[in-house]
Every structure is written in structure tokens, then in C-alpha cells.
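Q: My questions will all concern the structure given below.
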Amino acid sequence: MSKENGKKKIKNKGDESLGLLIRYSDNPILTAAQWPYLVNSVFNAGATILQDGTTLLLCRVEDRRGISHLTVARSKDGFTDWQIDSKPALAPEPKYPQEVWGVEDPRICWIPELEKYAVTYTSYSRGGPGVSLALTKDFKEFERLGVVMPPDDKDATLLPRRFGDYGTWVMIHRPSAPSGAHIWISYSPDLRHWGSHKIVLMSRSGAWWDANKIGLSPPLIETPKGWLMIYHGVRHTASGAIYRQGLALLDLKDPSKCMIRSDEYIFSPQEDYETQGDVAGAVFSCGYTIAPDGDTIRMYYGAADTCIAVATGSVKQMLAWLDKHGSDPAKGGW
């Protein structure tokens, strides 16, 4: 195992020649084989850094029935020596029928006003996938607020503070319709009742890498230039769907306005653990952490819906690349 200054080296190849997201050399970092109880797969984890510097992942765990729940894993360095809880943190329960088919794909957002973490997740039931919201201080006890966006909807996150003259909360999410799956924004006075829905970013058409279906990946990243969004695009091919990651930038004061989006994807499945698995050809992120320098990002992502991996990059480099390789969505003509 190669090391540099006490840390393991990160390798760079293929579409990573841009240097934007570089895979960790010992990916995947979490697999079903490491779990303290029998499961099918582990993927799509929300992420945060706790006050003591520990990296916490809220992992989507699919059991051998096909039903998902969420389990906590912790690491001091964010790469190795993961301590995995012996039981789920959030799992379907009979008294929550909207979750009977699974609790999936969490995104974590720290809300300073509430002094709590907001966890948005997909609650799956006979009615389809919807967006549910829960609040927690310790990832041991959760206050479920229930379904806040009805089916079919997923890929949601809160923004960390209120906006506008009326102090409304903001949610980014991805409803689906026969006409396509686009990224929307909605507003709420109380985190329970949502309205003023508006499309933020539309999926493209034709042969584009993000044609027909897009969605938020991890929560938005606040920067001086705007809210940086890493989003996924899905292209359907003769051999199946390919999930890739791209970038967009929303206005800092009015996140309903998308100022620029990437024409090219920045991250795509290429390693064996990304191209072979339950859903081959998928890299799908639900979480990231930012280092104390305010710039270094670790993007945690599900690979082939089978394991969890991590890639490292720079927020500043992403913004600079987007300036050169992006376009105004209002002028796209897609």
C-alpha cells in the first residue's frame, strides 16, 4: 500500500485527467463484507463531519429481501478503520406505511438555527418513492416529519438557512413525470408544508450525457460565487443506463436561478467496482465533506449500487472549470 506523508496516495487516470475528482487508491472503502450483520449491498451514503472531527456516513444498506435502511459508519480519517453500528439508525417501521418498501439515499444538512441535522431521504412504498424528512442531533434518535414531497419524487436536500423576506426554508428535489425528470425548488414556512414549486434545471434531450433524467447528487456547496451543485445525469443506451456526475451553479441569494451548468460530465463509471454490480455503470453521490481549508472536498459515492467509494477534489478548481466549460441554461436550446 503506497503512502505519502502518512496518507495513502490518490490515483488519477481516465476521465480524471481534469483533476476535478480523483479516486482514492483503496476504493471501495465500505462493502457488504465489512457489515456486522448479513446484507446484500451498501451504497449511497449521506456524509458529515462531527464536532470532534470524525467523519460520519449514513449508509444506505439493502438487506437480502431488497428493502433498504440507513446505518451509521464512522472514521477518524474519512478513509479507513470504519466503525459500523451494529443495528440500523433509521429503518422502515409498521407505523410508517410510507416507508414499507425502504428508506433510501439520505442527504445530510446541518441547520444552525435548529442545532440539528436535517436528513432528507427517499421513502419507498406502494405509492412509489417520495421525499421524507427527519431531524436528529446525534444520529441515534430521529424526529420524523414524514413525507414532504409525494411520489414520484426523490434526490432531495434542504439548504441550511431561511431565504427571502418571509424567512422560508428551501428544498431542492427531483419529481418525475412522463415529460421528464428535472430538478425543482420548493419553499416552506415550517419544514412541513411546501409550495411555490419551480424548475431549477431541466434535463436535456437527445444524445446528451444528462438527457431525459437528472437529479441532485450531494447537498449544495455554498461558495462566494453561488451554490455549487453536483448533479447526476442518466443516459439510456442499448446496454443500459449510465449514471454520471456534472456541475451547475445556482445564485447565492436566489437559488431558484441557475446561472451556469456543465456541458460535459466530470465523473463517470470506469473502475471495476463501478461497472460491475447490482446496477452496473453507476456512480451516485449523496454526501461530501469539506476539509478545514474550506476547499478540499471528499465526495462519497455509491458504486454500481453495491459498495461505497470516495473521490477527492477542490471546490475552487470545480468553479474555475465550470466557468470555462459551462453554459447558460437559459440559452441552451436543448
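Q: From Y231, Y265, which residue is at pLDDT 95 or above, under 28 Å from K198 (Cβ atoms), surrounded by fewer than 23 Cβ atoms within 10 Å (Cβ to Cβ) and not polar (S, T, N, Q)?
A: Exactly one residue qualifies, and that residue is Y265.
Q: If we keep just the residues of segment 175-190 that are in a loop (DSSP other than H, G, I, E, B) and over 21 Å from the mean Cα position of the chain (by Cα), which is surrounded by the most Cβ atoms within 10 Å (Cβ to Cβ)? Reasoning before the result, please.
A: Our first condition is that a residue be in a loop (DSSP other than H, G, I, E, B); within segment 175-190, this holds for 178-179, 182, 189-190.
Going one step further and asking which of them are over 21 Å from the mean Cα position of the chain (by Cα), we end up with 178-179, 189-190.
Working: P178: 5, S179: 9, P189: 13, D190: 9.
Step by step, filter segment 175-190, then rank; the result is P189.
Q: Which ones in segment 282-307 are among the small types (G, A, S) and buried (at least 21 other Cβ atoms within 10 Å of the Cβ)? Spell out the reasoning first.
A: Kept after step one, since they are among the small types (G, A, S), are these residues of segment 282-307: 282, 285, 287, 291, 294, 302-304.
Once the filter is applied, which keeps residues that are among the small types (G, A, S) and buried (at least 21 other Cβ atoms within 10 Å of the Cβ), segment 282-307 yields A282, S285, G287, G302, A303, A304.
Q: Across segment 86-120, what is the total count of residues that are of a type outside the set (A, V, I, L, M, F, W, C) and either buried (at least 18 other Cβ atoms within 10 Å of the Cβ) or in contact (Cβ under 8 Å) with a residue 40 or more places away in the chain (or both)?
A: The first filter runs over segment 86-120 and keeps only residues of a type outside the set (A, V, I, L, M, F, W, C), leaving 86-88, 92-99, 102, 104-107, 112-113, 115-117, 120.
Then keep just the ones that are either buried (at least 18 other Cβ atoms within 10 Å of the Cβ) or in contact (Cβ under 8 Å) with a residue 40 or more places away in the chain (or both); that gives 86-87, 92, 96, 98-99, 102, 104-107, 112-113, 117, 120.
So the count comes out to 15.
Q: Something else about it: Restricting to segment 53-75, name every residue that is of a type in the set (K, R), within 17 Å of Q34 (Cα to Cα) and part of a loop (DSSP other than H, G, I, E, B).
A: First, pick out the residues of segment 53-75 that are of a type in the set (K, R): 60, 64-65, 74.
Add one more test, that the residue is within 17 Å of Q34 (Cα to Cα), and what stays is 60, 64, 74.
Within segment 53-75, R64 is the sole residue that qualifies.
Q: I'm trying to understand the selection: among the residues of segment 238-254, which are surrounded by fewer than 19 Cβ atoms within 10 Å (Cβ to Cβ) and either among the polar types (S, T, N, Q) or modelled with pLDDT of 95 or more (or both)?
A: As a first pass, look at segment 238-254 and keep what is surrounded by fewer than 19 Cβ atoms within 10 Å (Cβ to Cβ): 238-241, 251-254.
Those that are surrounded by fewer than 19 Cβ atoms within 10 Å (Cβ to Cβ) and either among the polar types (S, T, N, Q) or modelled with pLDDT of 95 or more (or both): S239, D251, L252, K253, D254.
Q: Select the strands (runs of 3 or more DSSP E) contained entirely in segment 109-174, then report the ones holding at least 2 residues which are touching an Asp or Glu at 6+ places or on another chain (Cβ under 9 Å), closer than 19 Å to R60 by Cα and among the aromatic types (F, W, Y). Lay out the reasoning, then the answer.
A: On the way: elements: 116-125, 128-136, 142-149, 153-158.
Fully inside segment 109-174 and qualifying: 116-125.
The values are calculated or read from the model by the stated rules, or taken from the named source; none is laboratory data. Being a predicted model, the structure only gives us computed values, none of them experimental. Quick reminder, even Gly has a Cβ in these numbers, built from the backbone with ideal geometry, and neighbours come from all protein chains shown.
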